[in-house]
Amino acid sequence: MTFGANILSKGATGPEVAELQLRLAGFRGTLWDGEFGPGTELQVITFQRDYLKMENPSGIVDEATYQGLDRFAQEFPIDFAKLQCSNCQCQGFGQNRFQNEFLSGKAQIEAFHKREYPGIHKAVLHTFRAIRFYTRGADLGEALVTSGYRCWIKNEEKGRTTTNHLGKALDFDFPMNAGDDKRDDCQRCDAVRGLLVEKSNCQIGWGANNLKALEPSNIAPTWIHLDVRCYEPKYLADKYFVKTAEELDRKEI
Ligand SMILES: [Zn+2]
Ligand SMILES: [Zn+2]
């Protein structure tokens, strides 16, 4: 099946819809469940209004909207070299170890799941694209990836026990402007978190299930951490994790 082959609108179902929901993860964002309901329509309308600058967004994914999605992907490319586990013998994205293994003494929930997922989750990457678009528009500067994949080899080296960066998370930051101090940096990160909540339907903290999460400012004062650890296992299936730009934007689904 080819993403882009069919016009999609409310009531459509299937893998093309799930792919659409992922590509628009940063434009409001809904579950990638393959059901084109009101949440998906809002994603499409938001993309059409904000990125395509349509005066009367249709909520229908037609040829022009597909072309807009391609343009959006090209304008905000993802550099996978920056996402890889750095200088690591895992070759970049872990070794697919520890499925259904959890940190000892902890609850068997995703936050403690030791799995080395096979790549970075598409929803994280597409949301990162959208926030680059929105921060550019808000004059907040160009977001840069500061941390992507960190496998257990790296975690053990650094004495870390967090499972977040095993494919479910991304950290990014913004270059300081001349004359900025740490307080300016913190304020900017707060402003970007605000945008991620407003534009991309993220939550601060991990209170709700099936919602993209941001570390609060007391944990991440001078950077942004975005993750998908609150999702049910079916939304963290292997097919949603990618290791290359080609895989991320592949039309064959
Ligand atoms: Zn590694
Ligand atoms: Zn992080």
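The values are calculated or read from the model by the stated rules, or taken from the named source; none is laboratory data. Only a predicted model underlies this, so the values are computations on that prediction, with no experimental measurement involved. With ideal geometry, Cβ positions are generated from the backbone for all residues, glycine too; neighbour counts draw on all protein chains shown. Just so you know, the surface numbers come from the protein's heavy atoms only, side chains and all, with ligands and any DNA or RNA stripped out. Shrake-Rupley method; radii C 1.70, N 1.55, O 1.52, S 1.80 Å.
For segment 77-96, the criterion of being within 16 Å of ligand 2 (Cβ to nearest atom), at pLDDT below 95 and of a type outside the set (Phe, Trp, Tyr) is satisfied by at least one residue. If the condition is being part of a strand (DSSP E or B), within 29 Å of residue 140 (Cβ to Cβ) and either open to solvent by 20 Å² or more (accessible area, probe 1.4 Å) or within 16 Å of ligand 1 (Cβ to nearest atom) (or both), then segment 230-252 contributes only 241. Residue-level check: of (1) open to solvent by 50 Å² or more (accessible area, probe 1.4 Å); (2) away from ligand 2 (no atom under 16 Å from the Cβ); (3) within 21 Å of residue 196 (Cα to Cα); (4) of a type outside the set (S, T, N, Q), residue 122 misses just (1).
Restricting the first member to segment 160-175 and to residues that are of a type in the set (S, T, N, Q), and the second to residues that are modelled with pLDDT of 95 or more and within 10 Å of ligand 2 (Cβ to nearest atom), the beta-carbon pairs closer than 7 Å and six or more apart or on different chains are 164/227.
Here's the yes/no breakdown for (1) open to solvent by less than 30 Å² (accessible area, probe 1.4 Å); (2) more than 14 Å from ligand 2 (Cβ to nearest atom); (3) touching a strand residue (DSSP E or B) at 6+ places or on another chain (Cβ under 9 Å):
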| site | (1), (2), (3) |
| --- | --- |
| 190 | no, yes, no |
| 193 | yes, no, yes |
| 209 | no, yes, no |
| 212 | yes, no, yes |
| 217 | no, no, yes |
| 228 | yes, no, yes |
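Checking each residue in segment 41-84 for being surrounded by fewer than 16 Cβ atoms within 10 Å (Cβ to Cβ) and under 16 Å from the mean Cα position of the chain (by Cα) picks out 77, 79, 82. Only a single item in (1) open to solvent by 20 Å² or more (accessible area, probe 1.4 Å); (2) charged (D, E, K, R); (3) under 17 Å from residue 130 (Cβ atoms) is not met by residue 23, and it is number (1). None of 96, 87 is under 20 Å from residue 172 (Cα atoms), open to solvent by 50 Å² or more (accessible area, probe 1.4 Å) and either outside any loop (DSSP other than H, G, I, E, B) or within 16 Å of ligand 1 (Cβ to nearest atom) (or both) except 87.
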